């Protein structure tokens, strides 16, 4: 199977794969909005548990998923650490003379719960879709065609560019190139990036010419058949109930 990120991986079929891709996309969007706009801690925490249940049901690779979650958390960890010391409120403790507020700590926990819940549900419901399936799903959901084309071509040729880059790096190593902190190294990497752009442009021109020879006129025709079934409606209903649960119990009211 090839994910929407262009990576090949092996994964056994499970009940999450039985849902219509459109239902999975819409359910992910509703879930993300419900979690992000929450003003309380309990709803993002409940959402994280729900996302974890979907991740376990989707048979995600533990180590790969953990690496992606950690990579995402690295972007927000500094902000989360600084929030207790930058927001005013009830002082809980001091670190090197800086006061940490209770409100800032709760806000930092809230951000962490929301981010991890949304990313985990994305990996479980959307990240397990094949690249072509994701593009066709967006087209079925009436996303502008140009954006769909851009996504499909980007996913397809990121892997091609990566292989081209690896070939050029091997060629540099074959010429005994050893990266150092000097002008020669920076110039060599500059040439590498420049040649990568040139070869990418040449390949894109050849690809476009080949597509025109096959009758491409700016439109990709979809031949796959997506059938909406009862379980897809139940998936959407369950996510909507989750959002309504938050509304009823005041999760969106300060």
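So if I check each of 79, 69, 92, which one is surrounded by 13 or more Cβ atoms within 10 Å (Cβ to Cβ), without any contact (Cβ under 8 Å) to a residue 40 or more places away in the chain and in the same structural domain as residue 107 (by TED's automatic domain parsing)?
Selected residue: 92, the only one of 79, 69, 92 that is surrounded by 13 or more Cβ atoms within 10 Å (Cβ to Cβ), without any contact (Cβ under 8 Å) to a residue 40 or more places away in the chain and in the same structural domain as residue 107 (by TED's automatic domain parsing).
Can residue 33 be described as in the same structural domain as residue 111 (by TED's automatic domain parsing) and either assigned to a helix (DSSP H, G or I) or over 17 Å from the mean Cα position of the chain (by Cα) (or both)?
yes
What's the number of the only condition in (1) in a helix (DSSP H, G or I); (2) more than 18 Å from residue 160 (Cβ to Cβ); (3) in contact (Cβ under 8 Å) with a residue 40 or more places away in the chain that residue 203 fails to meet?
Of everything listed in (1) in a helix (DSSP H, G or I); (2) more than 18 Å from residue 160 (Cβ to Cβ); (3) in contact (Cβ under 8 Å) with a residue 40 or more places away in the chain, residue 203 misses just condition (2).
Answer yes or no: is there a residue in the range 96-108 that is at positive phi, more than 15 Å from the chain's Cα centre (by Cα) and free of Cβ contacts under 8 Å to residues at least 40 places away in the same chain.
Checked against the condition, which is being at positive phi, more than 15 Å from the chain's Cα centre (by Cα) and free of Cβ contacts under 8 Å to residues at least 40 places away in the same chain, the range 96-108 yields at least one hit.
Looking at 160, 155, which one is within 25 Å of residue 64 (Cβ to Cβ), surrounded by 13 or more Cβ atoms within 10 Å (Cβ to Cβ), outside the structural domain of residue 42 (by TED's automatic domain parsing) and in contact with a strand residue (DSSP E or B) (Cβ under 9 Å, 6 or more places away or on another chain)?
155
Given the structure, is residue 203 more than 29 Å from residue 64 (Cα to Cα) and either exposed (fewer than 14 other Cβ atoms within 10 Å of the Cβ) or in contact with a helix residue (DSSP H, G or I) (Cβ under 6 Å, 6 or more places away or on another chain) (or both)?
So residue 203 fails the test.
Return the pair list, or none, for Cβ contacts closer than 9 Å from residues in the range 177-197 that are assigned to a helix (DSSP H, G or I) to residues that are modelled with pLDDT under 95 and loosely packed, with under 11 Cβ neighbours inside 10 Å, at least 6 apart or on different chains.
Pairs that qualify, where the first residue is assigned to a helix (DSSP H, G or I) and the partner is modelled with pLDDT under 95 and loosely packed, with under 11 Cβ neighbours inside 10 Å, are 185/178.
Among the listed residues 173, 142, which satisfies the condition of being surrounded by fewer than 17 Cβ atoms within 10 Å (Cβ to Cβ) and either assigned by TED's automatic domain parsing to the domain that holds residue 44 or not in a helix (DSSP H, G or I) (or both)?
One residue alone meets the criteria, 142.
Mind listing whichever residues of the range 210-225 are part of a helix (DSSP H, G or I) and surrounded by 10 or more Cβ atoms within 10 Å (Cβ to Cβ)?
Those that are part of a helix (DSSP H, G or I) and surrounded by 10 or more Cβ atoms within 10 Å (Cβ to Cβ): 210, 211, 212.
Would you list the helices (runs of 4 or more DSSP H) that sit entirely within the range 36-136 and hold 1 or more residues that are touching a helix residue (DSSP H, G or I) at 6+ places or on another chain (Cβ under 8 Å) and farther than 28 Å from residue 18 by Cα?
Ranges flagged: 62-86, 102-121.
The values are calculated or read from the model by the stated rules, or taken from the named source; none is laboratory data. Note that the coordinates shown come from a computational prediction; the quantities given were computed from them, not determined experimentally. Here the Cβ is made from the backbone with ideal geometry for all residues, glycine too, and neighbour counts use every protein chain on show.
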